[in-house]
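In what follows, a structure is listed as structure tokens, so that the remarks can point back to it.
The values are calculated or read from the model by the stated rules, or taken from the named source; none is laboratory data. Just so it is clear, the model here is predicted, and its values are computed rather than measured. Neighbour counts are summed over all protein chains in view; Cβ atoms, including those assigned to glycine, are modelled from backbone coordinates with ideal geometry. Only protein heavy atoms, including side chains, enter the accessible area calculation; ligands, DNA and RNA are left aside. Shrake-Rupley method; radii C 1.70, N 1.55, O 1.52, S 1.80 Å.
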Amino acid sequence: MLRVAVVGSGPSGVYTAQSLVQQSVVPGVRVDVLDRLPCPYGLVRYGVAPDHEKIKSLQQNLRAVLEDERIAFIGDVEVGARGLTPGRLLELYHAVVYCVGAARDRRLGVPGEDLAGSFSARDFVAWYSAHPDAAGDGFGLDARAAVVIGVGNVAVDVTRILSRGAAELRPTDVPQGALSALSASRVREVHMVGRRGPGQAKFTTKELRELGALPGARVDVEPADLALDPSFADPSALPAVNRRNVEVVRGWEAGGAGGADATDATDATDAERRIRLRFFLRPVELLGEDGRVAAVRFERTEPDDNGGVRGTGRYEEIEAQLVLRAVGYQGIAPAGLPFDEARGTVPHEAGRVLRDGAPSLGEYVAGWIKRGPTGVIGTNRPCAKETVTSLLADAAELSGRTVAADPLDALRALGHDPVAWRGWLSIERAESALGRSLGRGRVKIPDWAGLRAAARGIADRDA
Ligand code: NAP
């Protein structure tokens, strides 16, 4: 019997567990999926926006995997805390696969970045997703205008959430505090700003198109920005997704207010909120007034000949009292694992962790910590499969070692207090009850104490 720990229960962790039980042959495999949080599903629970119900429903697939009898979920166990080092973990299991994602945001590196009113989009996402580590101070939604820096899917998500009305968010599982703050939001203008052109933007077309279909909001584009991008006039040489993005933006330019995609949903003249999609502007400074952000200063850029941009020495300021920096995520490795700071990933060879350039027997990575924060959820499947293929090729060598008969006992002995699957199920029930008490559907519990009480209340009675 091969005993494997998977660290992280987001899509890459769950697909790794699934691939392990599917690919393994006799004498079989047992997989414990550990998570720092008492809740499973990683970014599907704490990253996918609450109004993206279809993507969120992926939880049902992940759930089916975690309910497999060869797989156990063990929540509220942090690797790196209370003596649970990678070395100790490897004494408890034959192999450990780290699927810990990319847990911090990239920095802009410009003056004023830390002014009050400037936040990483990651923190904003964590807040409206009820992540128990999120700061709960409401994110300055008394601002009239917001600037979102970056044109990836996270930028689109936060722009959309800022532009949605309360009526559309209420049926979602958004936590009550965030719903109240978003309902009271005074933000009327959201500028989403890219440093390159529409032909190079990182968002995907479905997500982009959705911005044009929000009730009560309209999308404006700036013809002078678009004219700078040679691929805007002729997108035929672009990769398919970029070409379709350009087509959507062209529709907005041609359609004027609200654009072609928004005509059903938006009465252009009555739109309460405006989304201004801007390109070829790179942030050089966040300008403050009385210690709070008041505007963002951008340098106008222009395309170079390599798909990048160069500065022009001309500047533009956009007034904003709220700035969300959506310029990508970066990995943090658990202490004790090797790390490539420049790439923000753990060095590996086909998923085998490399220590001093050589594969470290029993240690593996999958997901964003392996390949960087790119791709959609499904990209994690082949990534996990590659890692599991490497692990199973090492299985004979791995399984010769004696490991802990009951890793849970060992975790408790270290001072961890693991939440098992039934604890998670009781959190789900508590969230449904919370929603009922608020006259809503299921509503997420946003704090550690609430989650632990919900998990342990029932678990204790069952014990
Ligand atoms: P991303 O796709 O890498 O986009 C980052 C954006 O920030 C790009 O526009 C990038 O511009 C810009 N940027 C980076 N550094 C900058 C700087 N110093 N100044 C100005 N702009 C800068 O990252 P993300 O949006 O965080 O998304 C991460 C991953 O999650 C992606 O794979 C994404 O598709 C996925 N995701 C998917 C969904 C969904 O499917 N609905 C939702 C959320 C996230 P350049 O291109 O010029 O570098």
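Miscellaneous remarks
- Compactness index (Cα Rg / 2.2 N^0.38 Å), region 323-455: 1.39
- Label point at V110 placed 7 Å out along Cα→Cβ; residues across region 133-154 whose backbone nitrogen lies under 16 Å: 146-152
- Around the Cα centre of region 106-329, unit charges on the Cβ atoms of Lys, Arg, Asp and Glu (plus for the first two, minus for the last two) sum to a dipole of about 320 debye.
- Amide H contacts of T345 (H built 1.01 Å from N, under 5 Å, at least 5 apart or other chain): D340
- Working note: Cα atoms of the chain, range along each principal axis, descending, whole Å: 68, 54, 43.
- Computed over protein heavy atoms with a 1.4 Å probe, the carbon and sulfur contribution to the accessible area of region 338-463 reaches 55%.
- Solvent-accessible surface of region 106-329, averaged per residue with a 1.4 angstrom probe and all protein chains in place: 41 square angstrom.
- Alpha carbon centroid spacing (whole Å) that separates region 312-332 from region 416-456: 36 Å
- Close amide H pairs (under 5 Å, H built 1.01 Å from N) link V353 with S360, E363, Y364, V365, residues at least 5 positions away or on another chain.
- Helices assigned as whole DSSP H runs in the chain whose Cα atoms extend at least 30 Å along their own long axis and whose mean Kyte-Doolittle hydropathy is -0.5 or higher are not found.
- Accessible area of region 23-146 belonging to carbon and sulfur atoms, whole % at 1.4 Å probe: 49 percent
- Under 5 Å from the amide H of V147 lie the amide H atoms of H191, L322, V323, L324, each residue being 5 or more positions distant or on a separate chain, with H modelled from the backbone and absent for Pro and chain starts.
- Based on DSSP H segments of at least four residues, each scored -39500 (n - 2.57), the chain has a per-residue ellipticity at 222 nm of -9500 deg cm²/dmol.
- For region 106-329, alpha-carbon Rg over 2.2 N^0.38 Å: 0.98
- For the listed peptides 121-134, 309-322, a ranking on the average number of other beta carbons within 10 Å per residue, highest first, reads 121-134, 309-322.
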